[in-house]
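Heads up: the structure comes next, in structure tokens.
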Amino acid sequence: MANEDRFERCLSEILRHEGGYVDHPDDPGGATNMGITRKTLARWRKVSPWTALPKSAVAALSRDEAARIYRASYWSVCKAGSMPPGLDLALFDFAVNSGPDRAVRVLQAALGVAADGEVGPLTLAAVGKADATRIVNALCDRRLAFLRGLASFSIFGRGWTRRVAAIRAAALADVPQSIQRRTIMNMLSGYRTYIVAAFMLLAGVAQVLGVELPALDGGTAGSLILEALAIIFLRRGLKGQAG
């Protein structure tokens with residue numbers, strides 16, 4: 001999917017959660033429309049001080065202008081367009097709610113790279129090597145943990161929790177099937193030796209119980225069990241030495 005299409009897809013999902021004009025007295029953002037606060041809109045329109053921008057201007061904000069703000073201030077800043085489908089949405093929505101710097105730092109922490117808040121070559125290289133499904137889940141988990149630590153969680157926590165859950169589901173659904181299949185195969189590959197050993201162990205136990213397995217003729221119950229255990233302990237030993 002083209003980058004422009006991904007932006008529109010992700011923006012539509014975000015706007016579905018942001019809704020229209022609100023001015024909640026307990027919301028530090030104040031007057032907000034489609035997720036764009038009064039201060040953000042004033043900064044975008046170069047109005048100073050930001051309080052000089054009337055709330056009516058926020059209420060009259062168009063979707064087209066909101067989209068331009070989202071692209072310039074969030075999507076492009078956190079380089080969501082360079083992320084694989086799914087991760088782009090999870091990062092973009094996090095940036096909208098908590099700021100691009102925090103969203104990028106949390107992503108970098110999940111990737112195990114230096115958390116400097118800037119998406120550079122090292123971060124992008126780590127993204128390219130990472131399991132997109134795992135990173136989406138890690139990003140959403142860490143985001144929710146951060147939100148739970150906020151004083152206003154008691155007021156907005158239920159809605160925030162629902163939003164993160166919805167974004168997680170939408171993001172995971174957007175991860176390409178080819179990436180998901182590769183992830184599953186990589187997981188199975190890591191446990192292939194254990195799977196073979198488990199079959200050998202089960203075959204040995206089956207023979208002890210008197211169950212005939214023609215395909216394993218030539219291997220006694222005792223030898224199958226011992227070989228299976230040897231494989232398991234040998235692999236564990238090799239992994240321990242490698243570590």
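The values are calculated or read from the model by the stated rules, or taken from the named source; none is laboratory data. The structure presented is a predicted model; accordingly, all values stated were derived computationally and were not measured. Methodologically, a virtual Cβ is constructed for each residue, glycine included, from the backbone with ideal geometry; neighbour enumeration extends over all protein chains shown.
Okay, here's what the table says:
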quantity: Residues of the range 140-163 classified as touching a residue at least 60 places away in the same chain (Cβ under 8 Å) and outside any helix (DSSP H, G or I), total; calculated: 1
quantity: Those residues of the range 81-93 which are in contact with a Leu (Cβ under 8 Å, 6 or more places away or on another chain) and within 16 Å of E118 (Cβ to Cβ), in sequence order; calculated: S82, M83, L91
quantity: Yes/no for G81 being in contact (Cβ under 8 Å) with a residue 60 or more places away in the chain, within 22 Å of F7 (Cα to Cα) and assigned by TED's automatic domain parsing to the domain that holds I14; calculated: yes
quantity: Condition broken by E13, with the remaining ones in (1) farther than 24 Å from T161 by Cα; (2) surrounded by fewer than 21 Cβ atoms within 10 Å (Cβ to Cβ); (3) modelled with pLDDT of 95 or more satisfied; calculated: (1)
quantity: Any hit, the range 117-139, residues being on the phi > 0 side of the Ramachandran plot and either crowded, with 16+ Cβ neighbours inside 10 Å or not in a helix (DSSP H, G or I) (or both); calculated: yes
quantity: Subset of the range 1-31 [among the aromatic types (F, W, Y) and in contact (Cβ under 8 Å) with a residue 60 or more places away in the chain]; calculated: F7
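Results for (1) surrounded by fewer than 18 Cβ atoms within 10 Å (Cβ to Cβ); (2) at pLDDT 95 or above; (3) over 27 Å from L139 (Cβ atoms); (4) within 15 Å of the chain's Cα centre (by Cα), shown as yes or no for each residue.
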{"position": "E18", "(1), (2), (3), (4)": "no, no, no, no"}
{"position": "D27", "(1), (2), (3), (4)": "yes, no, no, no"}
{"position": "V47", "(1), (2), (3), (4)": "yes, yes, yes, no"}
{"position": "S62", "(1), (2), (3), (4)": "yes, yes, yes, no"}
{"position": "I69", "(1), (2), (3), (4)": "no, yes, no, no"}
{"position": "A80", "(1), (2), (3), (4)": "no, yes, no, yes"}
{"position": "L87", "(1), (2), (3), (4)": "no, yes, no, yes"}
{"position": "D93", "(1), (2), (3), (4)": "no, yes, no, yes"}
